[in-house]
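The values are calculated or read from the model by the stated rules, or taken from the named source; none is laboratory data. Everything numeric in this text was worked out from a predicted model, so none of it was measured. Positions of Cβ are generated from backbone atoms using ideal geometry, with glycine treated the same way; all protein chains shown enter the neighbour counts.
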Amino acid sequence: MREQALSGHLDSMRKNATGRAAPPPLEFMSEAPLSRPRKRLFIGLVTGTSVLLCLFMLIGWVIPLVGFGNIHPSVPWVTGILLAACILVIAWASLGLVLQISIGRNFWGASRVRGIAIKFFLPVMELLARLFGIRAEEVRRSFIKVNNELTAKQCGRIDPDRILMLLPHCLQRADCPLRLSYTVDACERCGRCPIAGFLALRDAYGARLAIATGGTIARRIVVETRPALILAVACERDLTSGIQDTHPLPVFGILNCRPEGPCRNTVVSLEIMENALRRFARLETLPAAMVCTREKA
Ligand code: SF4
């Protein structure tokens, strides 16, 4: 019976991979939040931010128009044309981004400017959200949700050794004396923190596993391992900046939870990571059974 259930599970995954059935959405939050991250919030903020930026540019052009004319009669027109070009680029980037998020398809090459748009828009979006009483964390969660959906739509199946599971050092027990930043294999798998579970996942799926103690180390690991996909675990702030930094490299972000406050003994759902591995790893490399389910049984 169990064998049948497992082969049925693999069959359905293969069916999903051929596009005959829509793959189920991947969860990315280790704990249920007070409010679910909303894609609409991100779309609304992108639109609001681009409209605001365009308005500011227009005002910045109209007010000194008379002064420009005194320099030379053609200066207002030249600055006007440059400004119109900037407004067109902003409108193209934001509209392309919104359409890509809503329909899931890349329009007018907008994915190329996605990283730049996100980098410049996100801080303004957070400011705009604050005006409406929306916390920065909520904006970042909706950004991670949107990013994950785009990654899931754009990424095909990848060899597991090109998938990097990148973890923050705060998942390790604060009182564990072992140093894991050089090699995760120094872990003795005592099971007091999620690192032992991640090692089991790495061994079963053949993916890569690394622990980063900060943004600089994370960037170094990415440069050294040259993955095709990163499955990153972190808090909202670190995931957001990590996704921005590594663009166009696809990142699937998984949020950890912080029962003891930030950066100390954080935890994460191994099942969410395993589901992500099963979604992205090449089918013939998948173990028949879920490691997490096996360990629970
Ligand atoms: S599983 Fe045990 S040995 Fe490994 S990092 Fe966690 S606390 Fe240390």
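What to note about this one:
- Matching entry among Leu150, Leu127 (being free of Cβ contacts under 8 Å to residues at least 12 places away in the same chain, in a helix (DSSP H, G or I) and of a type outside the set (Phe, Trp, Tyr)): Leu127
- Top-ranked residue in the stretch 192-229 [being within 12 Å of the ligand (Cβ to nearest atom), in contact (Cβ under 8 Å) with a residue 60 or more places away in the chain and part of a helix (DSSP H, G or I); ranked as surrounded by the most Cβ atoms within 10 Å (Cβ to Cβ)]: Phe198
- Test: Ile243 is crowded, with 22+ Cβ neighbours inside 10 Å, in contact with a strand residue (DSSP E or B) (Cβ under 8 Å, 6 or more places away or on another chain), over 12 Å from Pro168 (Cβ atoms) and of a type in the set (A, V, I, L, M, F, W, C): yes
- Candidates Arg189, Arg179 - the one that is assigned by TED's automatic domain parsing to the domain that holds Val291, assigned to a loop (DSSP other than H, G, I, E, B) and near the ligand (Cβ under 8 Å from one of its atoms): Arg189
- Whenever a residue of the stretch 239-264 is farther than 17 Å from Ile211 by Cβ and at pLDDT below 95, its partners that are polar (S, T, N, Q) and assigned to a helix (DSSP H, G or I), lying with C-beta atoms within less than 6 angstrom and at least six residues away or across chains, give the pairs Ile243/Asn147; Pro250/Thr151.
- Checking each residue in the stretch 138-174 for being of a type in the set (Val, Ile, Thr) and within 16 Å of the ligand (Cβ to nearest atom) picks out no residue at all.
- Every residue from the stretch 230-277 that is part of a helix (DSSP H, G or I) and of a type in the set (Asp, Glu): Glu236, Asp238, Asp245, Glu271, Glu274
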